Structures are given as structure tokens and as C-alpha cells.
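K.L.:
Take a look at this one; I'll ask things after.
The values are calculated or read from the model by the stated rules, or taken from the named source; none is laboratory data. Since this is a predicted model, take the numbers as computed values, not measurements. FYI the Cβ positions are ideal-geometry reconstructions off the backbone, even for glycines, and counts take in every protein chain you see.
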Amino acid sequence: MNAPSSLAERAAQATPAPLARRVRGLSDRAIAWLFIAPTIVLLLAINIFPLIWTVRLSFTNFRANRPNAEVLGVGIDHYVNILTDPDIWGPMQATAHFLFWTITLQTLIGFGLAWLIDRKFRGHGFWTTVILIPMMLSPAVVGNFWAFLYQPQIGLFNYAVSFFTGIAPSSFEMLGSVKLAPWAIVVVDTWMWTPYVMLICLAGLRSIPDYIYEAAEVDRASPWRQFWSITLPMVLPFVMLAILFRGIENFKMFDLVNLLTNGGPGSTTEVVSITLKREAFEKWRTGYSSALAIILFVAVFGLANIYVKALNAVKNR
Amino acid sequence: MRSLLTKVPALSALALVAALVGCGKKEEPAAPAAASAAAPPAATTAAGKTITLCWAAWDPANALVELSKDFTAQTKVNMKFEFVPWPNFADRMLNELNSKGKLCDLIIGDSQWIGGSAESGHYVKLNEFFDKEGIKITDFAPATVTGYAEWPKGTPNYWALPAMGDALGWTYRKDWFAKPELQAEFKKKYKHDLAAPKTWTEFKQVAEFFSGRQIDGKKVYGTYLFTERGSEGITMGVSNVLHPFGFKYQDPNKPYAMDGFVNGPDAVKALEFYKSLYKCCTPPGLTNSYMGEGLDAFKSGQVAMMMNWFAFFPGLYKDPNVGGDKIGFFVNPSDKGKGSQLGGQGISVVSYSPNRAEALSYIKWFASPEVQKKWWALGGYSCHKAVLQDPGFKASAPFAAEFLDAMDQVVDFWAEPSYAQLLLAEQKRIHDFVVADKGSAKEALDGLVADWKKVFKEDGKLK
């Protein structure tokens with residue numbers, strides 16, 4: 001008998017006879033099902049089922065803290081109440097403000113940093129690591145840390161502003177002022193997550209082959225022209241991907257806002273995730289909060305889909 | 001494989017349809033919890049067993065650990081403690097109860113939880129146990145029985161034993177008040193002595209007098225007030241002003257009728273007053289501050305007067321820097337009337353506990369007058385009349401007399417099963433007005449009435 005030549009033949013010979021007999025009777029499709037089944041079961045159990053259960057709860061008056069109360073179907077009442085409640089637009093506006101400014105600043109600064117780091121100057125590896133540090137910290141640490149920095153009497157941030165502007169440090173409160181608090185959380189999120197955008201942009205910049213720039217040089221294209229005609233178009237899909245990731249992440253932002261302002265002062269920085277948490281786990285309006293969660297899910301899912309289509313269009317250009 | 005991928009959404013859709021079909025129907029209510037009827041306690045306890053007591057992590061909890069050593073010595077039942085920091089206490093413990101967890105055999109839960117915990121079957125009803133063991137609830141201060149043990153309020157249905165009496169009170173820098181130059185300046189300006197204020201008018205004078213002043217080379221402020229937004233802080237703080245000014249939760253003759261009581265002229269005036277105090281006389285940056293931040297501000301010599309719970313005063317009095325003779329205590333000032341926000345908790349047996357007999361034996365032991373006396377001596381606030389009516393009680397601690405006065409005028413927040421919704425609505429409305437300068441006091445309180453009406457309508461208590 002010849003020695004087995006392929007890996008498949010060797011594997012077949014190494015398979016114990018009883019197992020081989022059992023597997024031999026299965027079709028390719030059945031084996032595919034066999035391999036994929038654990039993943040499908042997990043996906044159904046921890047993703048699909050809770051989602052469906054949430055949809056179901058959103059049509060009831062269920063409250064998790066009242067196990068003995070009768071659960072009644074309320075139709076689409078929760079959806080109607082949420083969409084007609086004037087108070088819900090406050091959190092929506094706070095979320096929109098936070099999203100718009102964090103993404104704008106992170107994209108601009110992140111791209112700028114990536115462009116500088118890509119120059120490959122002396123020590124650029126060290127500076128890349130330094131820039132990445134905020135992203136590696138836990139949001140809980142960053143939240144507490146910045147809450148101290150913003151403290152009007154002992155906080156370094158206020159002292160730094162005072163040093164440069166001459167304004168008394170205790171004369172303004174970053175987290176306590178209605179005007180400044182929304183910007184305070186934007187600053188912290190930008191500080192923490194700009195490195196992430198930078199990293200993705202850097203990957204984009206490094207993926208541009210040098211010969212394209214060399215060809216442009218031969219054609220006497222100016223650096224500005226090279227930037228607009230080569231760098232930006234080729235790195236744009238990466239930038240858009242970074243925007244997508246940060247957009248989804250910041251739409252559900254909870255930890256930093258919770259630690260820095262807890263939605264305050266008043267409800268100034270109450271983003272939708274804080275509202276959702278209050279409705280679900282403080283007021284225990286499980287049915288109502290399920291409806292709110294579904295509305296947010298549909299909004300994010302819909303917007304993300306439109307965005308991904310745009311991203312693909314840019315990539316295929 | 002493609003057909004496999006098309007089957008997953010199909011399966012999901014099937015499950016979605018099944019779920020939706022189910023929700024149109026009325027579901028069978030869950031079986032009544034074991035706790036809703038008083039289960040007779042087991043006659044004997046098992047020596048060597050361990051029971052867990054859950055409470056907030058604060059000074060009195062340490063005193064309880066010390067006290068409970070006597071229980072273990074007497075019964076051979078070991079005690080384990082689960083103490084959760086205040087900011088997470090309600091979330092953690094209510095999640096535990098709602099999930100029918102077995103972590104806690106005994107729980108010292110907040111007074112507002114009584115309604116929900118009784119109706120949801122989380123707590124064991126203690127009436128039969130009290131009768132059987134000869135524990136007289138009348139041995140405890142009436143305000144604490146109403147506040148910590150009864151549900152529905154005003155009915156003889158007991159779900160807890162009053163464990164830790166507490167109310168919002170005040171501490172002040174007696175050493176600053178005693179400075180002759182400040183005494184003279186204050187008297188010249190306000191025509192009366194600089195002393196612990198008895199009315200809110202006096203309070204504001206003192207607060208304004210100290211604000212911005214340099215004392216011992218440091219800029220100080222008049223007062224510390226609760227402003228915390230997330231849990232209950234600003235509601236507790238503002239209640240101390242609302243009630244003396246004439247605010248009431250509802251028409252005393254018509255339950256849940258709130259118009260004119262919650263948002264009447266007295267309440268509006270009180271809320272404006274609280275905001276004026278916050279604006280004129282509190283240190284900058286305290287826009288979301290509760291008990292801990294207050295203690296920090298006071299201990300670091302930033303404020304002349306601090307609002308806080310009596311429970312912290314024994315520890316504060318022992319503080320090497322600001323304690324002892326440097327500080328004094330006073331009961332919440334009055335205006336049209338009197339009122340202090342009730343704090344404190346009762347101790348309950350968790351109905352899901354597998355160690356109910358041992359937990360009940362702890363309650364029996366804790367209810368005895370001797371244990372209650374030691375509880376007070378260790379730094380816990382006993383609610384037992386044997387302690388409170390003792391002739392030597394007022395002199396037993398520098399804040400004891402003020403504590404007694406406060407307990408005579410306590411008012412508590414709603415203890416309804418929906419208390420959390422009611423509380424968060426007030427947190428939002430008050431914080432929006434006081435800290436975020438949103439709208440007027442009248443608008444804030446009108447909004448609060450609307451929010452509360454919505455909750456009571458959902459609960460079927462208002463039409």
C-alpha cells in the first residue's frame with residue numbers, strides 16, 4: 001500500500017474507525033451544519049433571542065421590578081409616547097451635539113496626527129506610542145481622572161486655562177455650567193479616541209504605494225495637488241470607516257458621560273443612553289425602555305446601512 | 001451554505017412572530033411570592049450557619065459589624081456582611097431583590113423601598129413573628145415605624161424593624177462662629193448674635209456672611225447643600241427647605257391630589273430660596289454633590305455649615321482636624337413650620353433567603369433594649385424608646401438632642417412601589433431649575449406635578 005500523499009488522506013487515516021464510520025454517512029452540507037451549529041446557537045441565544053424578546057417586551061407594560069404584576073399588551077403605545085414626548089428631544093439633541101463635534105474634531109485631529117506621524121521623522125515610533133496611550137486607558141479611569149482635572153478649585157485644566165487667559169480658575173465650572181458641560185465631554189472623548197482615528201488613518205496612508213507619489217513627482221505635481229488628488233481620495237475609505245466606528249460607538253456613549261456629568265447639570269448632557277439606563281434600571285419601565293431601545297437600534301442600524309452604502313460607493317470609485 | 005444563511009433570518013422571524021403572538025394575550029400573573037404571607041419562622045436556628053446582612057458602606061455599618069459579634073457569640077450563627085457604597089446601593093440591592101437573589105438573608109434597605117419590596121414579595125411580613133416573639137413595634141419611635149416598617153402607610157402591616165434612625169441635620173464650625181471679630185461684625189450687620197440658625201432667614205444671613213470670607217488664610221463659603229443629580233441627593237436636600245416653607249406631597253384629605261400642594265406658592269418660594277442659597281453661598285464646582293463631597297468640603301475647611309445625615313455626625317465629631325469642640329450641630333431650620341427629611345432604614349428578612357430562621361433570630365436579638373443601647377453607644381442611631389427616652393440620652397452625645405428634635409419633625413419621600421420613578425422625576429425637575437437655570441420654580445414644580453400624575457395614572461391610583 002502506498003503512503004498517503006495528501007493531508008486529507010492522512011487525516012482520514014488518523015480518524016478513529018468508529019468516528020470515521022459515523023462521519024462517512026454525512027453529506028458535505030450536514031458537516032457544514034455541524035461545524036456552524038455552535039456559532040448559530042450562540043448567536044441566537046445571546047444576540048437574536050434578546051433582540052426578539054426586547055421587541056416583544058416593548059409592546060407590554062412589563063416592569064422587571066414587579067414580578068407579581070400582571071403583564072398586559074399595550075400595542076404601540078410606548079412607541080407613540082416616545083415619539084410624541086417633547087422631553088425625549090432633549091437627550092436626542094445632546095446626543096447629536098456630542099456626535100457631531102466629537103466626530104468632527106477626532107477626524108480632523110486624527111487625520112492631521114496620522115499625516116504628521118507618516119512623515120517617519122526621528123522618534124516617530126515613540127510618539128505614536130505616546131499618542132496611543134489615552135485610547136488604552138479604561139473609560140472609568142479617564143472619566144474620574146478628568147473629573148478631577150475639571151475641578152474648579154484644584155483642577156489642572158482650570159489652572160491651565162487661567163495661565164493662558166488670565167481668567168480666575170474657580171470662576172468657571174466645566175462640568176457644572178450649562179454652556180461648558182457639553183463641551184467638557186466632547187474634549188474628553190476627543191482626547192481619548194482621536195488616537196484610534198489616527199491609527200486607522202495611518203493604516204490608510206501607509207497603504208498608498210510610493211510609486212504613485214513618485215509618478216506624481218515626475219509629472220511635477222505640487223504637494224498640495226498630491227494631497228488632494230492622491231492622499232485624500234485613497235485614504236477616504238479609511239477615514240469613513242473610522243467615522244462609522246466612532247459614530248456607532250458615540251451614539252451609545254454612556255461611561256464617560258455617566259462619570260463626568262451623569263447627564264447634568266440638569267439634563268444638559270443627558271445623552272440617550274443615559275435616558276435609556278434611567279428608564280430601564282432606575283425607573284424600571286422595562287416595556288417603555290425596550291421600545292426606546294428598539295427605536296435607537298433601528299435609527300443606528302438604518303443610518304449605518306446608508307453610510308456603509310456610501311462607503312462602498314467611495315471604495316468602488 | 002447559502003441555504004443555511006437564508007435559514008437563520010427565517011428562524012429569527014419565526015421566533016419574532018411567536019414572541020409577538022404571545023404578547024397580545026394577558027399573561028398569568030406570577031404566583032404570589034412566599035413573603036406576601038407571613039411564614040412562621042422555624043423554631044430553632046442552626047449553630048455554625050452563616051447569614052449575610054446587606055447594607056450601605058458607611059460608618060454605621062462598621063458599628064453594626066462590631067455589634068453583631070455579640071449575636072454570633074450568643075447563637076453561634078456567623079455573620080457575613082455585604083456593604084455597597086451609597087451611589088450604587090439602590091441599584092445593586094434592588095437588582096438583587098428583583099432577581100430573587102439569595103445573596104442577602106437580611107437587608108437594611110432604604111425607607112422608600114418598603115412599598116415596592118412589600119408588594120413584590122421581596123420582604124417577609126413580620127407581624128406574626130413580632131406577635132410570637134413578643135416584639136412590640138410600639139417600643140420604637142412612631143416616626144421610624146411609619147417611615148421604615150409600615151406598608152401601606154398608616155396600617156399595622158410591618159415589613160421591617162426600625163434599625164437605623166436618621167434625618168438630615170446640620171453641622172457648623174463652632175470655632176469660626178466664636179471668633180470675637182466675626183461675632184461683632186455679624187451683630188453690627190444683622191442686629192443679632194452669630195449663632196446656629198433657627199430659621200431659614202437666619203440661615204441665609206449666616207451663609208452670606210461667611211461666603212467669600214478669608215478665614216485662617218483661606219477663602220471659605222457659607223454652606224454646603226446637596227446637588228447630586230443621579231440618585232436622590234438634590235431631592236433630599238431641597239426637601240429640607242420645601243417642608244418648612246409649607247410644601248406637602250398631597251392634599252391631606254385627598255390622597256394623590258397634588259395641585260396647590262406640590263406647586264403652591266409656598267413650594268415655589270421654597271424652591272427659589274434653595275436656589276438662592278446654592279447661588280450665593282456654596283463653593284464652586286459642587287454641582288453634582290452628595291454626602292461624601294459634603295464631608296470633604298467640611299473637613300477641608302471650605303464651608304461654615306454643612307447639610308448631611310445625622311449618621312455621619314459621630315464620625316465627624318471624632319475627626320482629629322474638624323471634630324470635637326470645633327464643631328456644633330443644629331436641627332433643620334424652620335420657616336412657616338418645621339420639617340426634616342427622613343433618612344434611615346429598617347432591617348428586613350429577604351423572602352428568598354434559605355436561612356430565614358437564623359435571619360429572624362437576628363431580628364429578635366436586635367430588637368432587645370440591651371442590644372439597642374449598645375447599638376447607640378457604638379455609633380448606630382437606635383430607634384428604640386428605651387434608648388431615645390432614657391433621661392441621659394440628650395447628654396449622651398453632642399448631637400443627640402438635635403437628633404431627637406429632628407426625629408420629631410421628619411417627613412419622608414413617597415414610599416410607593418413607583419418611588420424610583422417619582423424620585424427621578426423630582427431629581428430632573430429640581431436639578432434643571434436649581435443647577436442648570438432652566439425655567440422658573442413654578443414651571444419646575446408644575447412639571448413635577450405632571451410627571452407624578454403620569455406615574456400615579458400608570459399605577460391606577462389616579463384617573
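K.L.:
In region A:300-317, what residues are surrounded by 13 or more Cβ atoms within 10 Å (Cβ to Cβ) and within 15 Å of the chain's Cα centre (by Cα)?
P.N.:
A:300, A:303, A:304, A:307, A:308
K.L.:
Of all residues in region B:176-221, how many are small (Gly, Ala, Ser) and closer than 15 Å to residue B:283 by Cβ?
P.N.:
Matching residues across region B:176-221 total 3.
K.L.:
Just one of (1) more than 30 Å from residue B:451 (Cα to Cα); (2) among the aliphatic types (A, V, I, L, M); (3) within 11 Å of chain B (Cβ to nearest Cβ) trips up residue A:51, so point out which.
P.N.:
(1)
K.L.:
For region B:45-158, list the helices (runs of 4 or more DSSP H) that sit wholly inside it and hold at least 2 residues that are more than 27 Å from residue A:278 (Cα to Cα) and modelled with pLDDT of 90 or more; which are they?
P.N.:
Counting at least 2 such residues, we get B:59-75, B:127-133, B:142-148.
K.L.:
Continuing with the same structure: Somewhere in region A:133-140, is a residue modelled with pLDDT under 95 and farther than 24 Å from residue A:252 by Cα?
P.N.:
Checked against the condition, which is being modelled with pLDDT under 95 and farther than 24 Å from residue A:252 by Cα, region A:133-140 yields no hits at all.
K.L.:
In addition: Contact list please: Cβ distance under 8 Å, first residue in region B:94-111 and touching a residue at least 12 places away in the same chain (Cβ under 8 Å) and within 20 Å of residue B:342 (Cα to Cα), second residue among the hydroxyl-bearing types (Ser, Thr, Tyr) and in a helix (DSSP H, G or I), pairs at least six apart or on different chains.
P.N.:
From residues that are touching a residue at least 12 places away in the same chain (Cβ under 8 Å) and within 20 Å of residue B:342 (Cα to Cα), the pairs are B:109/B:117; B:111/B:148.
K.L.:
Condition test on residue B:54, is it buried (at least 21 other Cβ atoms within 10 Å of the Cβ) and more than 25 Å from residue B:315 (Cα to Cα)?
P.N.:
no
K.L.:
Could you identify the single residue in A:69, A:37, A:45, A:30 that is outside any helix (DSSP H, G or I) and out of contact with any strand residue (DSSP E or B) (no Cβ under 9 Å at 6 or more places or on another chain)?
P.N.:
Exactly one of A:69, A:37, A:45, A:30 is outside any helix (DSSP H, G or I) and out of contact with any strand residue (DSSP E or B) (no Cβ under 9 Å at 6 or more places or on another chain), namely A:69.
K.L.:
Continuing with the same structure: Can residue A:247 be described as of a type outside the set (A, V, I, L, M, F, W, C) and within 14 Å of chain B (Cβ to nearest Cβ)?
P.N.:
no
K.L.:
Shifting gears a bit: Going through region B:232-286 one residue at a time, which ones are part of a loop (DSSP other than H, G, I, E, B) and within 20 Å of residue B:296 (Cα to Cα)?
P.N.:
Correct list: B:232, B:282, B:283, B:284, B:285, B:286.
K.L.:
Quick check on my filter: what residues within region A:256-266 are within 10 Å of another protein chain (Cβ to nearest Cβ), over 11 Å from residue B:287 (Cβ atoms) and surrounded by 24 or more Cβ atoms within 10 Å (Cβ to Cβ)?
P.N.:
Correct list: A:260, A:263.
K.L.:
Return the pair list, or none, for Cβ contacts closer than 8 Å from residues in region B:433-459 that are facing chain A (nearest Cβ under 10 Å) and surrounded by 21 or more Cβ atoms within 10 Å (Cβ to Cβ) to residues that are assigned to a helix (DSSP H, G or I) and hydroxyl-bearing (Ser, Thr, Tyr), at least 6 apart or on different chains.
P.N.:
So the pair list comes out as B:434/B:274; B:434/B:278; B:435/B:278.
K.L.:
With without any contact (Cβ under 8 Å) to a residue 24 or more places away in the chain and out of contact with any Asp or Glu (no Cβ under 6 Å at 6 or more places or on another chain) as the only criterion, which of A:113, A:34, A:105, A:57 stands out?
P.N.:
The match here is A:34.
K.L.:
Among the residues of region B:272-283, are any surrounded by 20 or more Cβ atoms within 10 Å (Cβ to Cβ), in the same structural domain as residue B:445 (by TED's automatic domain parsing), within 30 Å of residue B:320 (Cβ to Cβ) and modelled with pLDDT under 95?
P.N.:
Checking region B:272-283: at least one residue is surrounded by 20 or more Cβ atoms within 10 Å (Cβ to Cβ), in the same structural domain as residue B:445 (by TED's automatic domain parsing), within 30 Å of residue B:320 (Cβ to Cβ) and modelled with pLDDT under 95.
K.L.:
Which of the residues that make up region B:415-463 are within 25 Å of residue B:149 (Cα to Cα), under 22 Å from the mean Cα position of the chain (by Cα) and of a type in the set (D, E, K, R)?
P.N.:
Within region B:415-463, B:416, B:426 qualify.
K.L.:
Check whether at least one residue in region A:54-62 is at pLDDT below 95, surrounded by 12 or more Cβ atoms within 10 Å (Cβ to Cβ) and either of a type outside the set (D, E, K, R) or more than 29 Å from residue B:417 (Cβ to Cβ) (or both), and report yes or no.
P.N.:
Within region A:54-62, one or more residues are at pLDDT below 95, surrounded by 12 or more Cβ atoms within 10 Å (Cβ to Cβ) and either of a type outside the set (D, E, K, R) or more than 29 Å from residue B:417 (Cβ to Cβ) (or both).
K.L.:
Just the residues that are surrounded by fewer than 21 Cβ atoms within 10 Å (Cβ to Cβ), touching a residue at least 60 places away in the same chain (Cβ under 8 Å) and not basic (Lys, Arg), please, taken from region B:380-397.
P.N.:
B:386, B:397
K.L.:
Also, quick follow-up: Does region A:129-161 hold any residues that are within 14 Å of chain B (Cβ to nearest Cβ), out of contact with any Phe, Trp or Tyr (no Cβ under 9 Å at 6 or more places or on another chain) and of a type in the set (Gly, Ala, Ser), and which are they?
P.N.:
A:140, A:143, A:147
K.L.:
For region A:149-208, which positions are in contact (Cβ under 8 Å) with a residue 60 or more places away in the chain, closer than 25 Å to residue B:302 by Cβ and hydrophobic (A, V, I, L, M, F, W, C)?
P.N.:
A:175, A:178, A:181, A:184
K.L.:
Look at residue A:276 and say whether it is closer than 29 Å to residue B:120 by Cα, under 18 Å from the mean Cα position of the chain (by Cα) and either surrounded by 21 or more Cβ atoms within 10 Å (Cβ to Cβ) or within 14 Å of chain B (Cβ to nearest Cβ) (or both).
P.N.:
yes
K.L.:
Does any residue in region B:398-422 that is farther than 26 Å from residue B:115 by Cα come within less than 6 Å, Cβ to Cβ, of a residue that is small (Gly, Ala, Ser) six or more places away or on a different chain, and which pairs are these?
P.N.:
Note: pairs meeting the criteria are B:402/B:169.
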